[in-house]
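Since the structure comes first, as structure tokens, the remarks are kept for the end.
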Amino acid sequence: MIERRTDRRPWRGALAILIAAAGVIAAQAGDAAVLVLRAHGPGAQARFQPGKPIRPGERIKLAAQEWLMLLDNGGTRSLDGPGQWVLDERKDKASGRPAPGRLSALMEYAIVDGRERRIAMAAAVRSPVPGGGADEAGGPAADPGAAQLAGLVRGNDIYDVGHVCVWGDAVGFFQGRGGARDDAPATLLTATGPILVRFTGGRSEPIAIDRLTGGKGVVTVETGGTTREARFTRIAAPQSLEELAAAAAKAGCDDTLSLIWDRFRVEE
């Protein structure tokens, strides 16, 4: 069994690496369905750079305390060492040619009597409901499309928003402290003037994206008695997780990358 780590903040301190690799991600996202988002540990970091595709048949070996964060168009998943995995080679039923890799094709492997033995892993599927188990009757949800990805634009914690990518017409916030018990308004000081953000039941009214991305998109957030800066970067509306991850890495939107990891993590 793979032990899942829950005590790490995946993107803090890793943005310089991700941004440097953004060009690689953008170039390869359309070619490979499994990409490395982050590697931890000396051996893993030397071999698995952010943006590097995992090809079908490729072996992954991680030592203790090493881990990988991976993404395909269906979701995100972590592998925690020590352990050995392989992205199983699968063929397209229609053409008979190798199919693109998928996180669901990951298998553990061991060398027994000089031969490789592949071991099926626990099913890894993205839940139809974020945070819930797969629906046995309906199966896992389909790969998230534009409508599901747009939910990330409405998922920003007003107390903790840092650098986020936005698209479409409006962005929403929620109260990360107290929720419905604390509907105190916030003030956003933008290049186009101040915005008073009101909350009802812990959720804000829609805020026009054009007002947040004016100038360099740097906004001073006044809420909960504190003042700090946030940044909003407009990107083209993404159609897939790979496309969104590539754009967010290129723009340095660390909060968006963190939301991708949390919102679309597959269940095992």
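The values are calculated or read from the model by the stated rules, or taken from the named source; none is laboratory data. This structure is a prediction, so every number in the text was calculated from the model and none was measured. Don't worry about glycine lacking a Cβ; one is built from the backbone with ideal geometry, like all the others, and counts go over all protein chains shown.
If you filter the stretch 182-238 down to residues that are in contact with a strand residue (DSSP E or B) (Cβ under 7 Å, 6 or more places away or on another chain) and in contact (Cβ under 8 Å) with a residue 60 or more places away in the chain, you find that the one that is farthest from VAL166 (Cα to Cα) is THR223.
Among residues that are surrounded by 13 or more Cβ atoms within 10 Å (Cβ to Cβ), within 22 Å of the chain's Cα centre (by Cα) and not in a strand (DSSP E or B), ALA248 is included.
Please report, ordered by residue number, the helices (runs of 4 or more DSSP H) entirely within the stretch 10-89 with at least 2 residues that are modelled with pLDDT under 90.
Once the helices (runs of 4 or more DSSP H) in the stretch 10-89 are filtered for at least 2 residues that are modelled with pLDDT under 90, what remains is 15-20, 22-28.
The single condition from (1) part of a strand (DSSP E or B); (2) in contact with a Gly (Cβ under 8 Å, 6 or more places away or on another chain) that ALA184 fails is (1). Would you call ARG234 among the basic types (Lys, Arg), under 27 Å from the mean Cα position of the chain (by Cα), under 28 Å from GLY145 (Cα atoms) and surrounded by 12 or more Cβ atoms within 10 Å (Cβ to Cβ)? Answer is yes for this residue.
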